[in-house]
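Below is one structure; the comments refer to it alone.
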Amino acid sequence: MVKVVVVDDHPSTQIGLENIFKTISNIEVIATVATATELFSLVENQHVDVIVLDISLKNDDEGGFKIIKK
């Protein structure tokens, strides 16, 4: 099972991506988060295979490109 986290500050995008991934049998969306802080907290405690990241994330000082660098 591929464990995915969706990082986006738009709830409609989070829901849409989660619904798309639900149709794929070997993918599990383990979380949807809106900020870098939430993402970093999550990945400290849980194994994640794929992060789907909004590069224009606005809810945080850590924009998408800054998150990628970390």
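The values are calculated or read from the model by the stated rules, or taken from the named source; none is laboratory data. Predicted, not measured: the structure shown is a model, and the values here were computed from it. Quick reminder, even Gly has a Cβ in these numbers, built from the backbone with ideal geometry, and neighbours come from all protein chains shown. These area figures cover heavy atoms from the full protein model, side chains too; ligands, DNA and RNA do not enter into them. Shrake-Rupley method; radii C 1.70, N 1.55, O 1.52, S 1.80 Å.
Only one entry in Glu62, Glu44, Glu28 is part of a strand (DSSP E or B) and either exposed (fewer than 15 other Cβ atoms within 10 Å of the Cβ) or modelled with pLDDT under 95 (or both), namely Glu28. Take the residues in segment 1-20 that are in a helix (DSSP H, G or I) and open to solvent by less than 40 Å² (accessible area, probe 1.4 Å); name whichever of them is nearest to Lys58 (Cα to Cα). Selected residue: Gln14.
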